[in-house]
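Data block below; observations after.
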Amino acid sequence: MNHSKLKPFPKDFLWGASTSAYQVEGAWDEDEKGLSVIDVGKYPEGTSDFKVASDHYHRYKEDIALFTEMGLKAYRFSIAWTRIYPKGTGEINEKGIAFYNDLINELLSHNIEPIVTMYHFDLPYALQEKGGWSNRETIDAYEKYAKTLFKYFGDRVKYWLTINEQNMMILYGAVLGTVDSKIENPQKKLYQQNHHMFLAQAKAINLCHEMCPNTKIGPAPNIAYVYPASSKPEDILAAQNFSSIRNWLYLDMPVFGRYNSVAWSYMEEKGCTPTIQEGDMEILESAKPDFIAFNYYATSTVAESKNNTSDKNPIGDQQITIGEPGFYRGVANPYLEKTQFGWEIDPIGFRITLRELNDRYNLPLLVTENGLGAYDKLEEGDVVNDDYRIEFLRKHIEQARLAISDGVNLIGYCPWSAIDLVSTHQGFSKRYGFIYVNRDEFDLKDLRRIKKKSFYWYKNVIKSNGQEL
Ligand code: BG6
């Protein structure tokens with residue numbers, strides 16, 4: 001639809017930016033923090049670990065001062081479960097509570113709305129040792145952790161996100177380091193874990209509504225509209241197959257309290273339907289999210305797969321489709337360019353995804369990640385000319401405005417990332433931030449903060465409420 005007049009961004013639009021605890025904080029073993037699955041995980045050769053990251057734990061005041069200067073209205077960050085409960089459950093670590101209290105208060109004193117992810121990939125290792133999400137006790141541990149977060153921070157945090165990218169943990173957990181890649185019959189285990197995460201999420205949603213009626217809570221999957229490679233009906237079916245197990249499984253459950261039927265038949269076919277205990281479905285049906293948060297990087301394109309084993313790409317990640325013989329085959333979209341890291345770039349797909357989510361679920365939408373990973377270069381005079389990032393974000397914001405004009409109820413946009421941080425599996429050289437952190441993969445240098453060109457650009461976008469791009 002070509003609009004003759006575009007609607008403006010809403011007055012209270014949440015212009016923000018995002019990070020996650022383990023990728024930005026560092027201080028991996030300080031102040032009684034426990035180990036998470038990330039801390040004991042392996043890193044691909046040539047990439048940094050997460051021990052120091054961007055040292056935000058020690059520099060959060062300086063960072064928030066920069067966020068304030070940029071004009072952020074919201075900051076989406078995650079709480080490290082292992083700072084609150086070093087062993088995942090048991091005794092509260094007061095130092096962890098103190099840190100996040102200080103962080104939240106610092107944000108609020110600068111009129112920045114905290115948007116809190118309760119769990120972003122970093123499951124406590126003590127829980128993993130007892131089976132992690134395969135063990136139903138992890139649901140109880142998450143519920144207890146959620147209760148603690150609502151009790152200590154629920155008076156000030158208005159937006160909660162239950163679990164970051166549950167779908168990516170299930171589909172690409174081995175790459176992201178969130179599951180043990182050597183487990184036997186991984187799919188059977190994974191879809192059982194998935195069911196337990198759904199239950200944990202539902203319990204947290206109900207608890208949040210009970211304990212903090214004035215706050216809002218929602219899921220935060222990674223959503224990508226799936227294109228068929230052609231108008232061939234078999235390709236359309238393949239696109240529906242992939243979209244069901246990639247996208248809709250993870251939103252039909254929280255919003256409607258039921259398993260997506262195509263995803264369920266896929267699990268039946270693979271022999272990996274989860275065991276559902278009595279009472280589980282009632283819990284799942286009872287919890288209703290207030291909004292949908294989602295991360296968008298690019299669309300995905302798939303074609304028919306005729307049970308051919310070569311239809312499975314050896315490597316996949318959040319945006320690179322692996323494919324499943326007999327279900328779908330990931331293909332490149334010839335109409336799209338790629339980032340330096342091989343992810344497709346599709347701003348129009350962002351509008352398409354927003355429209356689809358709006359039509360399917362009719363809930364407010366909050367974008368909690370979107371951005372461009374690139375090899376930025378620090379030039380003489382402390383300058384980073386990241387025009388490519390500006391272009392990427394500009395095009396996505398244009399499409400967000402078009403989606404709003406289409407009638408989508410979009411309440412905020414938080415690009416990834418507020419500041420440079422360690423990528424999930426591609427180290428520190430894959431940068432996303434508005435603020436450059438002066439370190440390399442292994443040389444920590446002085447970790448000083450440098451405003452990139454995109455910092456000044458985004459500042460003006462926020463100031464003009466999205467009018468000046
Ligand atoms: C999302 C994650 O999948 O994508 C983030 O929620 C991640 O944690 C982001 O960093 C970008 O991915 P990557 O792999 O480039 O760091």
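The values are calculated or read from the model by the stated rules, or taken from the named source; none is laboratory data. All values reported here derive from a predicted model rather than from experimental measurement. Ideal geometry is used to build each Cβ from the backbone, glycine not excepted, and the neighbour counts take in all protein chains shown.
Pairing each residue of the stretch 372-400 that is free of Cβ contacts under 8 Å to residues at least 24 places away in the same chain and more than 17 Å from R439 (Cβ to Cβ) with any residue that is among the aliphatic types (A, V, I, L, M) and within 16 Å of the ligand (Cβ to nearest atom), provided the two are 6+ apart or on different chains, yields C-beta distances under 8 Å for Y388/L372; Y388/A374. E129 falls short on exactly one of the conditions (1) away from the ligand (no atom under 16 Å from the Cβ); (2) in contact (Cβ under 8 Å) with a residue 24 or more places away in the chain, and that condition is (2).
V367 fulfils the conditions (1) in a strand (DSSP E or B); (2) in contact with an Asp or Glu (Cβ under 8 Å, 6 or more places away or on another chain); (3) hydrophobic (A, V, I, L, M, F, W, C) except for a single criterion, (2). If you go through the stretch 32-81 and keep only what is in contact (Cβ under 8 Å) with a residue 60 or more places away in the chain, under 24 Å from T138 (Cβ atoms) and assigned to a loop (DSSP other than H, G, I, E, B), you end up with E32, K33, G34, L35, V37, I38, D39, V40, G41, K42, F50, I79. Of all residues in the stretch 307-326, those that are under 20 Å from G349 (Cβ atoms) and in contact (Cβ under 8 Å) with a residue 40 or more places away in the chain have Cβ atoms under 7 Å from Cβ atoms of residues that are more than 16 Å from the ligand (Cβ to nearest atom) and in a strand (DSSP E or B), 6 or more apart or on another chain, in T321/V302; T321/G330; I322/G330. Looking across the stretch 218-235, the residues that are under 22 Å from Y297 (Cα atoms) and either within 23 Å of the chain's Cα centre (by Cα) or not in a loop (DSSP other than H, G, I, E, B) (or both) come down to G218, P219, A220, P221, N222, I223, A224, Y225, V226, Y227, P228. Pairing residues of the stretch 133-152 that are under 20 Å from M169 (Cα atoms) and among the small types (G, A, S) with residues that are modelled with pLDDT under 95 and buried (at least 18 other Cβ atoms within 10 Å of the Cβ), at Cβ distances under 8 Å and at least 6 apart in sequence or on separate chains, gives S134/K189. Looking across the stretch 311-351, just one residue is surrounded by fewer than 16 Cβ atoms within 10 Å (Cβ to Cβ), within 16 Å of the ligand (Cβ to nearest atom) and of a type in the set (A, V, I, L, M, F, W, C), and that is I315.
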